[in-house]
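Visitor: Pasting a structure here, questions to come.
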Amino acid sequence: MSETPETKSATLFEQLGGAGAVDAAVDIFYRKVLADYRINRFFDNVDMEKQAAKQKAFLTMAFGGPHNYTGEDMRKGHENLVRMGLDDSHFDAVMEHLGATLQELNVPQALIAQVAAIAESTRNDVLGR
Amino acid sequence: MLNIKLGESKIPCQANESVLDALLKANIQIPYGCQQGVCQSCLMRSLDTTPPVSAQAGLKDTLQKQNYFLACLCHPEQDMTIALPEQQGALLNASVIKKQLLTPEILRLVLQYDAPLTFFAGQFVNLQRFDGLMRSYSIANSPQQDKVLEFHIRRLPNGQFSNWVHDELEHGAQLTLTEAQGSCHYLPGRMEQPLLLIGTGSGLAPLYGIINDALAQGHTGAIHLYHGSRNHDGLYLVDEIRGLTKQFDNFNYTACLSGACIAEQAIEANYAQGRAHDLALNTIQNLKGWRIYLCGHPEMVNQSKRAAYIKGASLSDIYTDAFLVGNHNG
């Protein structure tokens, strides 16, 4: 079968496996974040189900999937944490867990790099800069 | 076109509309957020029909069983009568048939009710006194028993309701109660799954009900109960529960005392020393695939929930009931 010019190549979200892949990733990712003493104090007083839902929305975005996140949401959502001292080192730790999660799921390196780039693009909003 | 009934309102729902769309169009305010079934803000409950399976995606199995659904995902297949999660159903009458002190602080209260009531052991109901004073208590017995409800009521130092139950409520007296609520209960289906139950104080009540329910339904997986209290007076039903361990090979029980200066007493009565959740979570290294029930002090519940999740338990397999220690549970 020959490719016609109309054929779209699979999106990043499709290549990663869509919503099912997000579910698998959230489970691993959130556990890593909560177990990390460098950052888990930021999650001390949160409802775990709601937080897992937020992680899912975030990973959906980072996976290139459908989402409603705006930079303004990211700023607002992290305002309190910035006041608690959230900085680049914490953002780096989260990025580390994101990469490790995808590796654990055997996602090819090239796709991991794309996900990381999307997540990285939120850094200034998350840190309120 | 179908109709949705919410309280006194009848709302039309077009074929392409979700329940949330229809409610918002009719100017009915309900909580909602993402509108894609992720945030679960628009959680509602169907009072008559089973909601479409697709409207229950991502909900805890116990909530699914109770016909909860997400309004934003729900495209009704028939007329529905729905309610917001906190809306109360009818009130029932019940009378006191037993009062028994289990420890100086904890009273076993057994009520008999007459109208039909659907409940699972471990859910809670609101008990209401003649003057309207109301408190939530967990159900400590399984529905296999006939038309009775058992509660374990701890006397709280300034608790208006608990002191009244302990001191004044008489045999034969009438109380009203609301329908059973809450998602912390047993469901059959994964009979070989190991269960871990951790409770403090009268947090044993829902766990005792859940265990009896699981055993009555023939749960085959290992069941581990850790019940903790600071002092001796908070541990109760010890002999009954030890009896169950003799009767059921898959059931294990550890009674834990966490207070100081009780070493001798603890050894004598064969209690473990330490906090129940520390002992449980230090003993069991990997909780992947386990079902976990946590009931009692909010701090214990929250700490254990996080620890159990980090040890591999899935969030959807962790059921909690944090007792309010403020004025709500007095």
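Only the coordinates and a few stated rules stand behind these numbers; no lab work does. Because the structure is predicted, anything quoted here is derived from the model rather than measured. No Cβ is skipped: glycine too gets one built from the backbone with ideal geometry, and neighbour counts run over all protein chains shown.
Visitor: FRET efficiency for residue B:98 and residue B:250, Cβ-Cβ distance as r, R0 = 41 Å, nearest 0.05?
Guide: With R0 = 41 Å, the Cβ-Cβ based efficiency is 0.90.
Visitor: If you filter segment B:76-151 for chymotrypsin sites (Phe, Trp or Tyr not before Pro), then keep DSSP loop positions with at most 11 other Cβ within 10 Å, what is left?
Guide: Here the sparse-neighbourhood loop sites are B:130.
Visitor: Where both residues lie in chain B, what percent of DSSP beta bridges are antiparallel, nearest 5?
Guide: 55 percent
Visitor: FRET efficiency for residue B:285 and residue B:144, Cβ-Cβ distance as r, R0 = 41 Å, nearest 0.05?
Guide: It comes to 0.75.
Visitor: In nm, to one decimal, how far is the modelled label at residue A:82 from the one at residue B:240, with both set 7 Å along Cα→Cβ?
Guide: In this crude label model, residue A:82 to residue B:240 measures out at 5.6 nm.
Visitor: May I pose another question? Using modelled amide H (1.01 Å from N, peptide plane; none on Pro or chain starts), what sits under 5 Å from the amide H of residue B:225, excluding residues fewer than 5 places away?
Guide: Long-range HN contacts for residue B:225: B:197, B:252, B:253, B:254.
Visitor: Check which residues have an amide H placed less than 5 Å from residue B:6's amide H, if you skip close sequence neighbours.
Guide: Correct list: B:11, B:82.
Visitor: Now for a different question. Please name which of B:109, B:128, B:138 has its Cα lying farthest along the dipole of segment B:92-177 towards the positive end, using unit charges on Cβ (Lys, Arg +1; Asp, Glu -1) and the Cα centre as origin.
Guide: B:138
Visitor: What angle do you read, to the nearest 10 degrees and between 0 and 90, between the alpha-carbon axis of helix A:48-62 and the longest principal axis of chain A?
Guide: It is inclined by approximately 40 degrees.
Visitor: Between 0 and 90 degrees, rounded to the nearest ten: what's the tilt of helix A:18-35 against the longest Cα principal axis of chain A?
Guide: That helix lies at roughly 30 degrees to the long axis.
Visitor: Can you work out the FRET efficiency for the pair residue B:231 and residue A:35, with r the C-beta to C-beta distance and R0 = 41 Å, to the nearest 0.05?
Guide: Efficiency for this residue pair is about 0.80.
Visitor: Here's something else I'd like to know. Charges only on Cβ, +1 for Lys and Arg, -1 for Asp and Glu: so what's the dipole of chain B about the Cα centre, in debye to the nearest 20?
Guide: Value, rounded to 20: 500 debye.
Visitor: In addition: Count the net charge of all other residues whose Cβ sits under 9 Å from the Cβ of residue B:256, scoring Lys and Arg as +1 and Asp and Glu as -1.
Guide: Charge balance in the 9 Å sphere: 0.
Visitor: Please go through segment B:69-166 and write out the GluC sites (Glu not before Pro) that DSSP classes as loop and that have at most 10 other C-beta atoms within 10 Å.
Guide: B:86
Visitor: In segment B:204-272, which chymotrypsin sites (Phe, Trp or Tyr not before Pro) are in a loop and have at most 15 other Cβ atoms within 10 Å, using DSSP for the loop call?
Guide: B:248
Visitor: Under 19 Å from a point 7 Å along the Cα-to-Cβ line of residue B:77: which residues of segment B:14-46 have their amide N that close?
Guide: Under cut-off, by backbone N: B:14-20, B:44-46.
Visitor: Under 5 Å between amide hydrogens, which residues at least 5 positions from residue B:287 or on another chain qualify, with H placed 1.01 Å from N in the peptide plane?
Guide: Under 5 Å from the amide H of residue B:287: B:312, B:313.
Visitor: Residue by residue through segment B:53-66, what is 3J(HN,Hα) from phi via Karplus (6.51 cos²θ - 1.76 cosθ + 1.60, θ = phi - 60°)? Round to whole Hz and write x for glycine and proline.
Guide: Karplus values, whole Hz, x for Gly and Pro: 4, 5, 7, 10, 4, x, 7, 4, 4, 5, 6, 4, 4, 8.
Visitor: Same structure again: For the charge dipole of segment B:2-83, defined by +1 on Lys and Arg C-beta atoms and -1 on Asp and Glu C-beta atoms about the Cα centroid, which residue among B:71, B:42, B:54 has the Cα displaced farthest towards the positive pole?
Guide: Checked the options; the winner is B:42.
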